[in-house]
1. Mind checking which residues of the range 21-40 are open to solvent by 70 Å² or more (accessible area, probe 1.4 Å) and either farther than 17 Å from Glu87 by Cα or outside any helix (DSSP H, G or I) (or both)?
2. Could you please find all residues in the range 44-77 being more than 25 Å from Asp7 (Cβ to Cβ), free of Cβ contacts under 8 Å to residues at least 24 places away in the same chain and open to solvent by less than 60 Å² (accessible area, probe 1.4 Å)?
3. So which residues in the range 52-85 are in a helix (DSSP H, G or I) and over 17 Å from Leu25 (Cα atoms)?
4. When the range 1-20 is examined, which residues are found to be touching a residue at least 40 places away in the same chain (Cβ under 8 Å) and either open to solvent by 80 Å² or more (accessible area, probe 1.4 Å) or more than 20 Å from Glu86 (Cβ to Cβ) (or both)?
Amino acid sequence: MEQLYPDRIPLVILDSNGDVIKRMLVHSDCTVGKILFEIRMIHLDSDASLMLLTETNVMPCASELIGRTHTIYKNTDGFLYLTLVEENVFGEY
C-alpha cells in the first residue's frame, strides 16, 4: 500500500465492538480533528460526543497530524486502526 500511495495513510475506523465502520486512505498532513469531522458528517447522531482511540486506548489530540499518529500507533500490518467511541454528553430527555 505504501508503494502505491506513498503520501497516504491507510486508516481503518472501528466501532466499539471491533466491527469496521469505514476504511480510507488519507493524506499524511490531515489532522485527527478533520477525520472526526468527516465521521461526524456520516454519523448524524448530534447528541453524542465522538472520540477516536488508538489500539492502545490512547486518544490522539485533534490537532495532531494523522501521519504522526500513524508513525507512533500503526499496527504491524501498516494500517492505523482507530476505534470510534460515543459518549452521550447531553443526557436523556
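1. Listed by number, the residues that qualify are Ile21, Lys22, Arg23, His27, Asp29, Lys34, Glu38.
2. Those that are more than 25 Å from Asp7 (Cβ to Cβ), free of Cβ contacts under 8 Å to residues at least 24 places away in the same chain and open to solvent by less than 60 Å² (accessible area, probe 1.4 Å): none in the range 44-77.
3. Residues of the range 52-85 that are in a helix (DSSP H, G or I), as a first pass: 66-73.
Answer for the range 52-85, where residues must be in a helix (DSSP H, G or I) and over 17 Å from Leu25 (Cα atoms): just Ile72.
4. Met1, Glu2, Ile9, Pro10, Ser16
The values are calculated or read from the model by the stated rules, or taken from the named source; none is laboratory data. It should be emphasised that the depicted structure is a prediction, and the values quoted were computed from it without experimental measurement. With ideal geometry, Cβ positions are generated from the backbone for all residues, glycine too; neighbour counts draw on all protein chains shown. Heads up: the accessible areas ignore ligands, DNA and RNA and are worked out on the full protein's heavy atoms, side chains in. Shrake-Rupley method; radii C 1.70, N 1.55, O 1.52, S 1.80 Å.
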